[in-house]
């Protein structure tokens, strides 16, 4: 990878994490083998999931999932707490490669312990501390489509019942009731306008009575 700086680096997003070894993405259609027509032309995410390397018949799936711990964008470093799972491609790059060297070509380990060797793989001009030795980096453009999975662990009471059956689901129903209440409010406005029509009608009645006198 070149260390040259280009205009394309302005919109680059650097994802730092580790690939998951126990999950394999197979790609394929949205509904498997079912031939369900999709009239839309937006297949960005599908193409990302079906990404392959090599040429037939030696091509192999390249899309995979990785646990991302942090990212950098526009020269700033951000940590994810907790880490999230993202769609990536390939094994990723070593953010510490190439290591910083002196004039004699020897690796400067003291400098490497403080910061990576090249900003081309980190997007950072200054960083205090190095990455873990097993950390990898994937570089994308901010407009690229991806997939994010936020894993939540715990007992079923915590991750299912408390959110859906003990208030979370009722809260959403309450939101529907709130919208219904808004409809009732609008209906009340219509009744108010009807009341105004009745008032004008009652005003017309005395004038007619005066004509009779």
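Report the extension gain between residue 160 and residue 133 in nm, rounded to one decimal, defined as 0.36 nm multiplied by the number of residues separating them, less their alpha carbon distance. Length difference between fully extended and current span is 6.0 nm. Stretching the chain fully between residue 52 and residue 97 yields a gain of 13.7 nm (0.36 nm per residue, less the alpha carbon separation). By other beta-carbon atoms within 10 Å, ranking 89, 145, 166 with the fewest at the front produces 166, 145, 89.
Since every read-out is calculated from the coordinates, none of them should be taken as a lab result. Remember, predicted model here, so these are calculated numbers, not experimental data. Glycine also receives a Cβ, built like all others from the backbone with ideal geometry; neighbour counts cover every protein chain displayed.
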